[in-house]
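Trainee: First, the structure itself, so that you have it in front of you.
The values are calculated or read from the model by the stated rules, or taken from the named source; none is laboratory data. This is a predicted model, so every value here is computed, not measured. Here the Cβ positions follow ideal geometry from the backbone for every residue, glycine too, while neighbour counts run over all protein chains shown.
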Amino acid sequence: MLDLSIAHSKDWNPVVTMKNAPFPGFRQVTRTGVIYVMNRAHQLGFTYDHPEWANLGQGAPEAGEMPGAPPRITHVEMDSLTQEYTPVPGLRALRQSVADLYNAIHRQGKTSQYTWENVCISGGGRLGLTRVVAALGEINIGHFIPDYTAYEEILHTFKGFNPIPIQIKEDQGFKLSRQQLEEVIQGMGLGAVLFSNPCNPTGQVIEGETLSSWVELFRHEEVLCIVDEFYSHFVYSDYDPENPKMVSAAAYVEDVNTDPVVIIDGVTKNWRYPGWRVSWTLAPKAVIEQISSAGSFLDGGANHPLQKKTIELLDPEFTKQETRALQKCFLEKKHYVVQRLRAMGMEIDLEPEGSFYIWANLAHLPEAINDGIKFFEECLKEKVITVPGVFFDVNPGKRRRSTKFRNYTRISFGPEMAKVAQGLDAIERVIQKFQAAPQSVAIPVTA
């Protein structure tokens, strides 16, 4: 396994750097890319309340009051019942609230409706996904590159299936057509496909007719669709300040108990409560039974008091009000960040249609900082955190020897505007420093 603890070394090579297990009986377990960069920043003095640091790395939305949004929840009351365990699949009342929300937002007028039996509650998105993959059979599972860094270790840890990479290319908008997806599924014999939508890190969104055609394809091919929708309310295409768009594969499911669609979401991003660690999985009843069984040995169930409090967040009108406010706020930040980064010389060929990330190409910056790892290290010196693009080259078990996205970085505009501006000021200082530095010039040898 990779030893990311030395990734900041100038000699670091993410393909060939290896290290023995740290203690007898254990294997080397790598940190996910985002956790690695946060750990590295902590080593250099970062704390979440440090006024001199700007965290444009970790994927967390601003969690405070926001103009037009509902008041933030700051207190949770507990009685004797909330001190008890909950069922592994979660509180029935919360499970029904999740089902009701999806029916109200995405399935009005449809005969097939979700119920509490289509929902499983977990202690965070990664745990929800872990439950799903722990229950998979011996299949080939396709995953996109680039995509969310945590998929790598999850797809490597469980050995019952084979992870198959699917490269999505920038010159095709980091998207696949239905025909391209069909060719991949059939050509690679896939039994499941895992992806984030909107995509983390590119911010591209599969929606409308394309998403509908994907769901139809999964149904026709009997291939499991596992879609991470944690950014599904951060959607900026066809922006309407009065009618916020929320994108979900749930809108295109015909029968909630037979279509092979598994959706993972939670309050972390779309409701801006990352510290609650409450998520849900929406799926056919038979799938919910299987992943609940996996939860019985993986984790035992999510936090009781916060499950109960989450019910208040899932009222459809409350959700629309929150989404309306966050889209207005984050769209303004997106425009600001894109404009500033381009002015600094970064290439952003595809502006994000969703999420709160900029997937920026550093290739035309000075050589000393045109690599995501080098750029990250230099930014730390100015007390701003970014995430190297190479971490989104999801490569379970490091089976592929090549590495992609070395010249990319992911920059978050999740924090409040003042902190985003502070971080961009720091990035600008880094770039100006190396633009001013003399560059080595190759002198031709003459006879």
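Conditions (1) in the same structural domain as R429 (by TED's automatic domain parsing); (2) touching a residue at least 12 places away in the same chain (Cβ under 8 Å); (3) on the phi < 0 side of the Ramachandran plot; (4) acidic (D, E), marked per residue:
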position	(1), (2), (3), (4)
Y357	no, yes, yes, no
I369	yes, yes, yes, no
E382	yes, yes, yes, yes
D393	yes, yes, yes, yes
R400	yes, yes, yes, no
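Trainee: Looking at A363, A418, can you tell me which residue is in a loop (DSSP other than H, G, I, E, B) and among the hydrophobic types (A, V, I, L, M, F, W, C)?
Mentor: Only one candidate qualifies: A363.
Trainee: Within segment 302-327, can you find the residues that are touching a Gly at 6+ places or on another chain (Cβ under 7 Å) and either closer than 23 Å to T86 by Cβ or of a type in the set (D, E, K, R) (or both)?
Mentor: Matches in segment 302-327: A302, N303, Q307, R324.
Trainee: From Q167, Q172, which residue is surrounded by fewer than 16 Cβ atoms within 10 Å (Cβ to Cβ) and either within 29 Å of V98 (Cβ to Cβ) or without any contact (Cβ under 8 Å) to a residue 40 or more places away in the chain (or both)?
Mentor: After applying the criteria, what remains is Q172.
Trainee: Is it the case that E117 is among the charged types (D, E, K, R), at negative phi, surrounded by fewer than 21 Cβ atoms within 10 Å (Cβ to Cβ) and in a loop (DSSP other than H, G, I, E, B)?
Mentor: no
Trainee: Return the total of residues in segment 89-107 being on the phi < 0 side of the Ramachandran plot, touching a strand residue (DSSP E or B) at 6+ places or on another chain (Cβ under 8 Å), in contact (Cβ under 8 Å) with a residue 24 or more places away in the chain and not aromatic (F, W, Y).
Mentor: Number of matching residues: 6.
Trainee: Determine, yes or no, whether V247 is touching a Pro at 6+ places or on another chain (Cβ under 7 Å), crowded, with 18+ Cβ neighbours inside 10 Å and part of a loop (DSSP other than H, G, I, E, B).
Mentor: Criteria not met by V247.
Trainee: A further question on this structure: Please verify whether F297 is modelled with pLDDT of 95 or more and among the aromatic types (F, W, Y), treating the condition exactly as stated.
Mentor: No.
Yes/no matrix, rows are residues, columns are (1) in contact (Cβ under 8 Å) with a residue 40 or more places away in the chain; (2) part of a helix (DSSP H, G or I); (3) surrounded by fewer than 16 Cβ atoms within 10 Å (Cβ to Cβ):
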site: L129; (1), (2), (3): yes, yes, no
site: I141; (1), (2), (3): yes, no, no
site: F144; (1), (2), (3): yes, no, no
site: K159; (1), (2), (3): no, no, yes
site: E183; (1), (2), (3): no, yes, yes
site: A192; (1), (2), (3): yes, no, no
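Trainee: Same structure, new question: Tell me which residues, restricted to segment 274-330, are hydroxyl-bearing (S, T, Y), buried (at least 20 other Cβ atoms within 10 Å of the Cβ) and within 15 Å of G123 (Cα to Cα).
Mentor: If the condition is that a residue be hydroxyl-bearing (S, T, Y), buried (at least 20 other Cβ atoms within 10 Å of the Cβ) and within 15 Å of G123 (Cα to Cα), then S279, T281, S292, T310 are the ones that fit.
Trainee: So E312 clears everything in (1) touching a residue at least 24 places away in the same chain (Cβ under 8 Å); (2) part of a loop (DSSP other than H, G, I, E, B); (3) acidic (D, E) except one condition, right? Which one?
Mentor: (2)
Trainee: Could you tell me how many of the residues in segment 265-284 are in a strand (DSSP E or B) and either modelled with pLDDT under 95 or under 27 Å from G68 (Cα atoms) (or both)?
Mentor: Selection size over segment 265-284: 4.
Trainee: Now for a different question. Exactly one condition in (1) within 27 Å of W280 (Cα to Cα); (2) outside the structural domain of E289 (by TED's automatic domain parsing); (3) under 25 Å from the mean Cα position of the chain (by Cα) is not met by E77; state its number.
Mentor: Looking at each condition in turn, E77 falls short on (3).
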